[in-house]
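The values are calculated or read from the model by the stated rules, or taken from the named source; none is laboratory data. Remember, it's a predicted structure, so these values are computed and weren't measured experimentally. Ideal geometry is used to build each Cβ from the backbone, glycine not excepted, and the neighbour counts take in all protein chains shown.
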Amino acid sequence: MNESEFAALAGAAMTDIERRLEASGADIDFELAAGGVLEIEFADGSKIIVNRHAAAREIWVAARAGGFHFRHDGGVWRDTRDGEELLAKLARLASAQAGETVDLGA
């Protein structure tokens, strides 16, 4: 995948995550900042950071549980270690940090 394809796919993924967070109804704050960095903040002050890493053509997630890298497989973004889909893992990580279910429709 070239840089422009990555930018389009990653941008769409970030917008989709933001939309799903809004629809989840969970008690969380989030902001998609310039440069494509999504910060998700929880009531306890902890955060999950989701950002695009153009050099690796990956989406990176930093959470209390650790760091995760996702690569597009032609259909969805998958964790490079265990193959879990981005939305499913993000919902699980966010639920753990929020102390409530965060349903991202994954």
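Just to verify a result, which residue in the range 73-88, among those that are outside any strand (DSSP E or B) and touching a strand residue (DSSP E or B) at 6+ places or on another chain (Cβ under 6 Å), is surrounded by the most Cβ atoms within 10 Å (Cβ to Cβ)?
Going through the range 73-88, the residues outside any strand (DSSP E or B) turn out to be 73-76, 80-84, 86-88.
With the extra rule that they be touching a strand residue (DSSP E or B) at 6+ places or on another chain (Cβ under 6 Å), the set shrinks to 76, 80, 86.
Values: VAL76: 13, THR80: 12, LEU86: 23.
The residue in question is LEU86.
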If we keep just the residues of the range 1-14 that are farther than 23 Å from SER95 by Cα and surrounded by fewer than 14 Cβ atoms within 10 Å (Cβ to Cβ), which is modelled with the lowest pLDDT? MET1
All positions within the range 28-47 that are assigned to a loop (DSSP other than H, G, I, E, B), modelled with pLDDT of 90 or more and in contact with a helix residue (DSSP H, G or I) (Cβ under 6 Å, 6 or more places away or on another chain): SER46
Assuming ALA55 fulfils every condition listed in (1) farther than 21 Å from SER4 by Cβ; (2) out of contact with any Phe, Trp or Tyr (no Cβ under 8 Å at 6 or more places or on another chain) apart from one, which condition is it? (1)
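Filter the range 15-27 down to the residues that are buried (at least 18 other Cβ atoms within 10 Å of the Cβ) and in a helix (DSSP H, G or I) and list them by number.
At the first step, the residues of the range 15-27 found to be buried (at least 18 other Cβ atoms within 10 Å of the Cβ) are 17, 21, 24, 26.
Listed by number, the residues that qualify are ILE17, LEU21, SER24.
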So the check is Cβ under 6 Å with 6+ separation or different chains; which pairs have a first residue in the range 42-64 that's under 17 Å from GLY83 (Cα atoms) and a second one that's polar (S, T, N, Q)? TRP60/ASN51
Would you be able to say whether some residue in the range 56-72 is assigned to a strand (DSSP E or B), basic (Lys, Arg) and either over 13 Å from the mean Cα position of the chain (by Cα) or surrounded by 13 or more Cβ atoms within 10 Å (Cβ to Cβ) (or both)? yes
Limited to the range 31-54, what total is found for residues that are buried (at least 19 other Cβ atoms within 10 Å of the Cβ) and more than 10 Å from the chain's Cα centre (by Cα)? 1
